[in-house]
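A.B. asks: Questions regarding the structure given below will be posed in turn.
Since every read-out is calculated from the coordinates, none of them should be taken as a lab result. Keep in mind that this is a model prediction, so the values were computed, not measured. Ideal geometry is used to build each Cβ from the backbone, glycine not excepted, and the neighbour counts take in all protein chains shown.
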């Protein structure tokens, strides 16, 4: 699929989720039948969107983690649509959260000044950290005018360039937690505490990730199993093995663990989010879990996702 079609699917899904959330909110649950069908359609489109991204993640980016997750997203989304139609009211909360996630993330893909500011800010901070660590390199401007490319002259292996892209800024993870926290019906004070926990941690860990991947690639720290990795992935340049291991294997695997840990910390302040976790676990496993009891939190969200 073309990028324009994928972007269209993303906006369609976000729009449908937002429309369903607005209808549910306006009717205060009384017109939930209409909102349910609209949200179920949004889940269907959302699943197709992730399926369309599978070739990009699996074959272009050569990311096993993202490829597997995008492929698994279609049946998960279809199941969520089915559960919603069958009356699992708590899924309105997750549906509303996805709408907020999209509204936070998508503008950075379409508003050039916002995208440029975010990339250059992360690139500048990465430059500061690596300079303090004693590495010599330069930051060069790309053809689109963004100062977001590191250029290393490795005396042993040659010149290495690393581009800081929008995906390297952590905006995706920040949008996830921002959307989840915005979607729950909880006191503003606790929501702000949740944001204060999630955003700084994500920003810090993402900066560590950018620095680690950049140095691991430019300094060729992880040139192990080079021949089988090159044969498996089809890299023409064997130097890419360090990039693959540092980013696609280590950083992405750690990111999954880190997001779970951040979610647990945020849920201590905003226990309403545990309802989302229970729904996700039910979609994945088919079993009911009581996360509120696991963390010793009172269940403050009713079965229809509305605050008590």
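A.B. asks: Hey, what's the per residue convex hull volume over the C-alpha atoms of the chain, in cubic angstrom? If you can, show how the numbers build up before the last one.
C.D. replies: On the way: hull volume 45.8 nm³, N = 308.
Cα convex hull per residue, to the nearest whole number: 149 Å³.
A.B. asks: Follow-up. Sort 89-101, 60-72 by packing, meaning the average of other beta carbons within 10 Å per residue, with the highest value first. Kindly include the intermediate steps, with their values, before the conclusion.
C.D. replies: On the way: 89-101: 23.3, 60-72: 16.1.
For the peptides 89-101, 60-72, the packing ranking is 89-101, 60-72.
A.B. asks: Here's a follow-up. Given the DSSP H assignment, sum -39500 (n - 2.57) over each helix run of at least 4 residues in the chain and divide by its residue total; what's the result at 222 nm in deg cm²/dmol, nearest 500?
C.D. replies: Numbers: 12 runs with 203 residues, N = 308.
When only DSSP H runs of four or more count, the value is -22000 deg cm²/dmol.
A.B. asks: Per the Cauchy relation, a quarter of the hull surface: what is the mean projected area of the convex hull of the alpha carbons in the range 1-87, in nm²? It would help to have the intermediate numbers written out before the result.
C.D. replies: Working: hull surface 22.4 nm².
Result: a mean projected hull area of 5.6 nm².
A.B. asks: For the pair residue 280 and residue 65, how long in nm is the line joining their label points, each one 7 Å along Cα→Cβ?
C.D. replies: In this crude label model, residue 280 to residue 65 measures out at 1.4 nm.
A.B. asks: Rg and Dmax of the range 104-216, using alpha carbons, in Å: what are they?
C.D. replies: In order Rg, Dmax, the Cα atoms of the range 104-216 give 16.4, 57 Å.
A.B. asks: How far, in nm, would the chain grow between residue 288 and residue 253 when pulled straight, counting 0.36 nm per residue and subtracting the alpha carbon separation? If you can, show how the numbers build up before the last one.
C.D. replies: Details: separation 35, 0.36 × 35 = 12.60 nm, distance 2.61 nm.
So the chain would gain 10.0 nm between residue 288 and residue 253.
A.B. asks: So, one more: Please identify, among 268, 151, 142, the residue showing maximal mean-square fluctuation in a Gaussian network model of the chain using a 10 angstrom Cα cutoff.
C.D. replies: Between 268, 151, 142, it is 142 that shows the largest mean-square fluctuation.
A.B. asks: Distance between the C-alpha centers of the range 200-228 and the range 56-89? Whole Å please.
C.D. replies: 27
A.B. asks: In nm, give the distance between the simple-model label positions of residue 192 and residue 142, each being 7 Å from the Cα along the Cα-to-Cβ direction.
C.D. replies: 3.6
A.B. asks: I would also like to ask the following. Which order do peptides 80-88, 220-228 fall in by mean Cβ count within 10 Å, highest first?
C.D. replies: Taking the mean over residues of other Cβ atoms within 10 Å, the ranking is 80-88, 220-228.
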